[in-house]
Structures are given as structure tokens and as C-alpha cells.
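For reference, the structure is listed below as C-alpha cells.
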Amino acid sequence: MKIPQTQRLFSSMSSSCSVRQRSRLLDAARGLLRVAADGDGKNEQHTHTPIPCFALQAHHVQDNLVAASPHEFHTRLVELIRGAQRRVSLASLYIGPAVAHAKELELLQALEQVPAHVDVKIVMDSNRGLRKVPLGVGKTTTSAAEAVAKAIHLQDNHQLYLCQVLPNPLDQLLPNPLNEVAGVFHIKAYIIDDTLVLSGANLSEEYFTDRHDRYLQIQGSEVVDFYAQLIDILCHHASDPYPAGITKKPIQPFWDHVHQLFSDYSPRSAQELLQDPQTVAVCVPTFHHPQITPPHDRLPSDVDITLSLLEESAQENCTVQLASAYLNPSAQLLQALSLHPQVDFLTAGRLSHGFKPKPKAGNKGKAWIPTVFDHLQYQALLPNTRLWHWQRDGWTFHAKGLWIRQDEDLLAAIVGSSNFGRRSFERDMESNLVLVFPPDSPLASQFSNEWKVLLESAQCVEDPKAT
């Protein structure tokens, strides 16, 4: 059938407009648009060094883990580690020490079997990694750090590092686990050879069994090497606990090293990447350190990028879906979200909350914490928002992320470690990956379906103040 010339012209104009719209979102994600200081929601051009972006093609994500289960996540990681030929680089809040947990043990055994010639770097949060865990025999204890150090047979190219996030004097004054409340290393990036798995999941039994999370697997892309270099920098500036112990290192050399990594990649044209027919997404890695407020002429943080992306998408009249295990958005984030016609918040209901009491006799656990989050959720509700509670018997909700749509068209999404709350914005070290999708991207369809799958276990709840 012959398409009329006017219809072809309209289709071409529509496609061109769509690419320009996505290009603006990509510019916002790269820090090229400055968040308006007066809060009027109008982004302006900015001139600092852009965050690098990487084009993803279909073969980079053909085995991705979008909408996978905890079991699939565990199985894939163990398989990848067992087959490692060149490098294993793992960044996580903590790794389970395998105290009576079969899947934690299986992961540690896989690490134990990595050949001596393979470069192994593991970095965890210092305070969480050293938290004592009872072995169940007398007063004997272990820790994540001890268990991992034993598994990888510490040697020249098999190393464990612990990252200290808290500033002086909090790192010395606060006992465990209060030191973890004040701030932690929260990045979750897992690299084996040329494969990167980004997630919000830590590496312990519940995340392998019944804690619902999100995962994205990328293989063969330049972004894999980027994250491997980021982990190398994190390790270089972290502590080597065996035998050196925990040492405090100056933050400025670390920040200079991170900034140099982000600056080393040549800038690319957003529109050119999005118009390449092989591109299924253009991704932008972000980084945030709670002790650093970067100058405007240097590297924008993950918080800056998130706010800029939201304010730019508001100009396009986009809707937003935001998932967080612990919903407690900052005033800045609420301001940016208030500019959108509709926002959906998805978080844990009391049945599936991460702080619900453990099913042990006489254990009241931390039942007050879900109640506090209930109040925080309702305080965050705006006239343009809906609140969804994810509840599934026997499961815990830990998914976090952001989806930006125009009608049914998914324009962008975020995968990574941030819960998009005050803690993520102010206390923890985080990294996310922003993905901007070209029109009709098959990867966008998978991410769009991921949100629908999350809602299958969720119910829309009413603000009690409105009833």
C-alpha cells in the first residue's frame, strides 16, 4: 500500500521530534542541563564536563535479567564466577558469610574456586562488612569480611577492600549498627569478565531467595569496563583490612580520581547515538558520595542528574513511576516530581517490608519502623501522586528504580542502588545507570513490562488524611 506523502512527512516530523525530546533527556542525564536554582522547573544549558554515555545494542543485553527472580540472579552470578577467565570485580554493601545458608555458601565456594591467574577485587562497606555474626556455637562469631577473605585466599591478585563512608568523627564515635544508620557504601555492581550485573540487591541469602529486586545484565559494552575502572578506584582508595586494618584516607585524591575517570571518555552526540538503528538504549552512569558537594564546573552527582532528568521530563509533560523499598523522598525530589501531571509511588506494604519482625517466638523485631515509613509515605503524597503497596506473602520488597513515560511510550529508566530517599541523597555512596531509549526500542518494552509485573503484586492505597 502506498503511503500518502503528507502521512510520510508527518511520520518523519513526529520521529524527529521524538528523537530531539529524548536527546534533551539524555543531555539532562549527562549533566549538560543545569537544574534551575529558583525551582521554576526550567533547565538551562550548562558547560561543565559531561558524564560519558554508552550506546547499548541488542547483543549487549540479549541475556539481560530484567524481571528475573532472586533464584535466577543467584544462579547467573554463580555460573559467571565459576567460568571467570580474566576478572571478578564485586561492589556490594555486604556479602553473606554463609552461616547456615546454602546459597551464600555456594557463592563463597564459587569465589574460592576462581583460578589464581584471575584478578579478583571485592569491595564492601567497612562497618557492615565487619559486623559480627554469631556462628551458633558458644560466643563464636564471624563477619562478611572474614568469610570473603577466607574464600578468596588473599594474595597479590585476589583482594578484599572495605570502604569507609562516614566522615570524622562519626566513624569513631558511633557503635555498630548505628554507624550503618549514619551512612554506608551502597553501590551494587557485579562484574565477571565482560559481563556487568547492576542491581539493588546485596549478596546474601534473602536476596537469592525471597527478596524481590531488580537486575540488569550487560555484556561486551564499554560501560562494563567503565564500571570495572570505577571499582578499581574504589578499591585503591579503600582499606585493605588484612593485615593493614581500617585506615582513614583523604577524600580529595579519591574524588579527583573519580572525576578523572568520568572525564577520560570522549563526549558523543546524543542525537547521533539515538538515531543509530542499532541502538536499543543510551546509558549514563552516575556516582554520588555523601561527603562531596561537587562544584558546578566539575562532576554532577547522581542527585543532580536525577533532579535534572525529572525537571526536563516535566517540560515534556511526562508521567513518572518511582519504586523504593523505603519511600522517604527529599524535599528536592518532591519539588521535581510536583511538576509532573502524574506520579506513581511503589513501595513495600507492611506484609513485605524489609523491617517487619522476624518470625521467631517472642521477637517483636523493629515493628515500629514500618509504621514510621507508613507516615513518611503519606506525607510524601502530592495532588498528582498515587501510592502503591507491594505485598506478597513470604516475600520482601526491595526493588528501586524510576520510569519516565509519555503516554504509553517509555522514554527513560533508572537502574541501580539508590532508593531515591533522603538517605540515598544525603548519607550513602550510590551509583545508578540512566537509560534513555530511542523510539520503538525492544529494551524499552522489557522495562515497561517490568513495571507492569511489579504492579501485579501491588494495591493502590488511599491517603488516610483524604478519607
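The values are calculated or read from the model by the stated rules, or taken from the named source; none is laboratory data. Quick caveat: nothing in here was measured; it's all calculated off a predicted structure. Cβ placement follows ideal geometry from the backbone for every residue including glycine, while neighbour counts extend to all protein chains displayed. Accessible surface areas use protein heavy atoms only, side chains included; no ligands, DNA or RNA. Shrake-Rupley method; radii C 1.70, N 1.55, O 1.52, S 1.80 Å.
For residue 141, only one of the following conditions fails: (1) open to solvent by 10 Å² or more (accessible area, probe 1.4 Å); (2) touching a residue at least 24 places away in the same chain (Cβ under 8 Å); (3) not basic (Lys, Arg). What is its number?
Unmet condition: (2).
Name the residue that is modelled with the lowest pLDDT, counting only residues in the stretch 48-93 that are surrounded by fewer than 23 Cβ atoms within 10 Å (Cβ to Cβ) and of a type in the set (Ser, Thr, Tyr).
So, considering only residues that are surrounded by fewer than 23 Cβ atoms within 10 Å (Cβ to Cβ) and of a type in the set (Ser, Thr, Tyr), the one modelled with the lowest pLDDT is 49.
For the stretch 377-401, which positions are more than 21 Å from residue 211 (Cβ to Cβ) and part of a loop (DSSP other than H, G, I, E, B)?
381, 382, 383, 384
I'd like the full set of residues that are among the β-branched types (Val, Ile, Thr), open to solvent by 20 Å² or more (accessible area, probe 1.4 Å) and over 17 Å from residue 94 (Cβ atoms), limited to the stretch 104-138.
137
Quick one: how many residues across the stretch 222-249 are farther than 25 Å from residue 196 by Cβ and aromatic (Phe, Trp, Tyr)?
Matching residues across the stretch 222-249 total 1.
How do the strands (runs of 3 or more DSSP E) wholly within the stretch 402-467 filter down when requiring 3 or more residues that are touching a helix residue (DSSP H, G or I) at 6+ places or on another chain (Cβ under 8 Å), modelled with pLDDT of 95 or more and among the hydrophobic types (A, V, I, L, M, F, W, C): which remain?
Hits in the stretch 402-467: 409-416, 432-436.
Say we look at the stretch 315-360 and pick out the residues that are part of a loop (DSSP other than H, G, I, E, B) and polar (S, T, N, Q); which of these is most open to solvent (accessible area, probe 1.4 Å)? Show your work before the answer.
Residues of the stretch 315-360 part of a loop (DSSP other than H, G, I, E, B): 316-318, 324-330, 338-342, 349, 353-360.
From the residues that got through so far, the ones that are polar (S, T, N, Q) too are 317, 324, 328, 330, 338, 342.
Numbers: 317: 105, 324: 0, 328: 32, 330: 7, 338: 53, 342: 69 Å².
Taking the candidates together, the pick is 317.
Would you confirm whether any residue within the stretch 160-177 is in a helix (DSSP H, G or I) and either surrounded by 17 or more Cβ atoms within 10 Å (Cβ to Cβ) or on the phi > 0 side of the Ramachandran plot (or both)?
Narrowing the stretch 160-177 to residues in a helix (DSSP H, G or I): 170-173.
Remaining after also requiring either surrounded by 17 or more Cβ atoms within 10 Å (Cβ to Cβ) or on the phi > 0 side of the Ramachandran plot (or both): 171.
Among the residues of the stretch 160-177, at least one is in a helix (DSSP H, G or I) and either surrounded by 17 or more Cβ atoms within 10 Å (Cβ to Cβ) or on the phi > 0 side of the Ramachandran plot (or both), which makes the answer yes.
Can you tell me which of (1) touching a residue at least 60 places away in the same chain (Cβ under 8 Å); (2) under 14 Å from residue 345 (Cα atoms) is the one residue 377 doesn't meet?
Residue 377 satisfies every listed condition except (1).
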